[in-house]
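Just so it is clear, none of the values below were taken in a lab; they were calculated from the coordinates. Every value quoted in this text rests on a predicted model; they were computed, and no experiment measured them. We place every Cβ from the backbone using ideal geometry, glycine too, and count neighbours over all the protein chains shown.
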Amino acid sequence: MADKQGNTWAAKARRTLTCLLPVAANRRGQCINCGACCKLPNVCPFLMTGGDGKGYCGIYPLRPLNCRKYPRTESEHITKDTCGFRFE
C-alpha cells in the first residue's frame, strides 16, 4: 500500500539497498529533527519525541546507513516539506 507520496515497503527496501551508494554531491542542509523520515513507511520504533515536539533517534550513534544518508538523492527525497536537506 502506498501513501499519497508514493511511499511503499518496496521504496523502503530500495532505500535500504541503495544506502551503500554515496550521497549526491548536490545535497545541502542538515537534519532539523522533524522526524518525517522516521515514519517511512511506518513509524520507526526508535523515533522519540522531545519536550519541544521535535523528533530524535533513540539509537542515533547506532542508526543504520539508510537513516544516516536519507535523503541520499533528490528522487528519494519524499519529505521535502519538512526536511532540512535540499538539493541544488
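Hey, residue 65 hits all of (1) hydrophobic (A, V, I, L, M, F, W, C); (2) within 17 Å of residue 17 (Cβ to Cβ); (3) within 10 Å of the chain's Cα centre (by Cα) but one; which does it fall short on?
Of everything listed in (1) hydrophobic (A, V, I, L, M, F, W, C); (2) within 17 Å of residue 17 (Cβ to Cβ); (3) within 10 Å of the chain's Cα centre (by Cα), residue 65 misses just condition (3).
List the number of the failed condition for residue 38; all other conditions in (1) farther than 22 Å from residue 11 by Cα; (2) within 12 Å of the chain's Cα centre (by Cα) hold.
Only one criterion is unmet by residue 38, namely (1).
Within region 3-88, which strands (runs of 3 or more DSSP E) (wholly inside it) include 1 or more residues that are surrounded by 16 or more Cβ atoms within 10 Å (Cβ to Cβ) and touching a residue at least 24 places away in the same chain (Cβ under 8 Å)?
27-29, 85-87
Considering only region 56-67, I want to know if a residue exists there that is under 22 Å from residue 25 (Cα atoms) and among the aromatic types (Phe, Trp, Tyr).
no
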